[in-house]
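Below: the structure, in structure tokens.
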Amino acid sequence: MTISASKPGTGQNLLTDTTITLARQTNARIQGLIAQAPDLQARYETARKIIRAFRRPSFYEVSQKCNLWCEGCYYFENDKRQVVGNEMSDDGWDAFFAAEHDRGVSMAYLVGAEPSLYPHRLRAATKNIRYGKIGTNGTVVIPRDISFRIGISVWGNETDDAVLRGARCCARPCGIIPATPAP
């Protein structure tokens, strides 16, 4: 279904006009607040930089393999874990993330079964996209030259972790149990 909102006989789009009007009103209100409290200017500029970084995010499933088999994992909901389809070559990943850069992606979310098993793919993303976050189980060291933020999944306490994930993973990211070096 297509919704059209134009002024009859003008060809102008009312939605665009409304958006522009609201943006101008919002900007005027912000500038008024800053005029009343000039110390807000620096905080406002910082917020604008952060918002720009997240303007064009994209999610990437960069792996189909994992070193764990966790109960309830969203990625492996059935026995398909054993079947790994064709995956791109390292050169393919380099070209893919270069194209994503050209497309204007500003924030990469790298997930999949276990992205840390493929450091080259993570490097290809960091080389081409300024900001990013890697979702990992925390059992494999992500090399320091991969500059994205890291989100580590934790499944309860140490006992639950061992039962639900098949390994004591909770302690690894904290350095209590040594992590496996990246391949």
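Brief remarks on what is shown
- In region 60-88, residue modelled with the lowest pLDDT [restricted to those that are outside any loop (DSSP other than H, G, I, E, B) and within 12 Å of residue 135 (Cβ to Cβ)]: 61
- Restricting region 104-147 to residues that are free of Cβ contacts under 8 Å to residues at least 24 places away in the same chain, within 17 Å of the chain's Cα centre (by Cα) and outside any helix (DSSP H, G or I), the residue that is nearest to residue 64 (Cα to Cα) is 136.
The values are calculated or read from the model by the stated rules, or taken from the named source; none is laboratory data. Here the structure is a predicted model, which is why all the values come from computation and not from measurement. Don't worry about glycine lacking a Cβ; one is built from the backbone with ideal geometry, like all the others, and counts go over all protein chains shown.
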